[in-house]
1. Residue 197: accessible area at probe 1.4 Å, nearest 10 Å²?
2. Return, ordered by residue number, the residues of the stretch 313-330 whose backbone nitrogen is under 20 Å from a label point located 7 Å along Cα→Cβ of residue 348.
3. To the nearest 10 square angstrom, how much accessible area does residue 337 have with a 1.4 angstrom probe?
4. For 150, 169, what's the largest-to-smallest order of accessible area, 1.4 Å probe?
5. Dividing the alpha-carbon radius of gyration of the stretch 38-102 by 2.2 N^0.38 Å (N being the number of residues), what value is obtained?
6. log₁₀ I(q)/I(0) of the chain at q = 0.08, 0.10, 0.14 Å⁻¹, via Debye over equal Cα point scatterers, no solvent, to two decimals?
7. Report the label-to-label distance for residue 385 and residue 38 in nanometres (one decimal), using points 7 Å from each Cα along the Cα→Cβ vector.
8. When only alpha-carbon atoms are used, what values of Rg and Dmax, in angstrom, describe the stretch 107-205?
Amino acid sequence: MSLNAKPFVQGKFTVISGPVQSEKTEKIESFLDAVVDSGYKQDSNILIFRHPMDDPNPEYIGRHKAIVTHKVEDIYNNVKPSTRTAIILGASHFPADLVELTNALVRSNRDVITSVLNLDSECYPHGTAPGLMALADEVILAKAICSHPLCTNEEANRSSSEQGKFLPLCTHHYHYHNAPPIPNQDVGTLELFLGPMFSGKSTAWRREQIKMQRKGVPYVVFKWKEDVRYGEKEGKEFEEGQVTLHSGGKISAIMVKDAFGMETYLHQHKEIREVFPDEIQFFPGVFGMFARLLGEGYHFHGTGLPRGYNRQGFNDVPKLMCLADKINMHYAICVKCGDPATENQRINQADKSLVKVGGAGDYEARCLKDWTLDGEPELKYKFEKFGW
Ligand SMILES: [Zn+2]
Ligand SMILES: [Zn+2]
């Protein structure tokens, strides 16, 4: 969390994500209990939808009744002008149009809360989960207790399927099913520092590196460079470069052009287990590589943009959000109004390329209300703006 000039006053989209048995529904239930007990009217202000595959008894979340449906149109038709918040449980099971609907709801100043299964049993992002992650303003990661009989890891975020039964597993036991447990700190982890430009995410990321220095733990910083060449022979030097922080500080980094470069470097430097890639959206192949090396016990700490200037998911970042163990979401401050800024505003919109490395002058931080995109196609779903 970060300090802001003003509270969050635009529609806010929260994703609760986790494996099976991670008590995602319980988090929503306690929120609903608090809301109803404090007198907020559920019927007019809050709508609860649930996909039938989310639970064998989908009608009730504790004492709160849900509208059970597998159709995006049903959600659309139920939203009234007075609807302030829409809660959608089992959201990753819905068709892809749910992402469009969620976008339209948030753009109409409404809050949306969804629960999603993060990964399927093949460790691939589940259904609409990455599409929703791309739009998320806040992500709450729910964890489970590893189902391995001897393991006490409470940070399990993988699901396995055995004879039609889904069970949660820690990253170690997902990869080595019958292996004995290992100390929790040796289980691979992925931590993400996300948010728009100028949100201070690099400063928080840098702080983790300083902690490694203080503890004497070896680590490496990777920076993306399109045209870097790797040595043909094992052990040949990698090109060194620098990450420049907005504060003016510089950090030395190893230049690589893709995830393969990172992996090659790590396999040549076996003593390094703490890995800090900057701007992970730029590294091709990063999702598959992280998913594999997490099984080998690496700890990744990456900065990135979940969505580009066009409010579409930025390469692998939304998928990595499904794989992550920890997500630190940062906001900037809108240059127009001072509200929390969740979007990247490209100044020169004639340039349509998604990858444009830039800083002040090329981009501005804006809140969703003040964000614009030239030639944006009309939203498929339309809602009357919710009045404050
Ligand atoms: Zn385990
Ligand atoms: Zn604004």
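The values are calculated or read from the model by the stated rules, or taken from the named source; none is laboratory data. Fair warning: this is a prediction, and the values are worked out from it, not measured in the lab. Ideal geometry is used to build each Cβ from the backbone, glycine not excepted, and the neighbour counts take in all protein chains shown. Accessible surface areas use protein heavy atoms only, side chains included; no ligands, DNA or RNA. Shrake-Rupley method; radii C 1.70, N 1.55, O 1.52, S 1.80 Å.
1. Accessible area of residue 197: about 20 Å².
2. none
3. Here the accessible area works out near 40 Å².
4. Correct descending sequence by accessible area is 150, 169.
5. Rg over 2.2 N^0.38 Å, computed on Cα atoms: 1.08.
6. -0.44, -0.68, -1.28
7. Roughly 2.6 nm, to one decimal.
8. 16.2, 51
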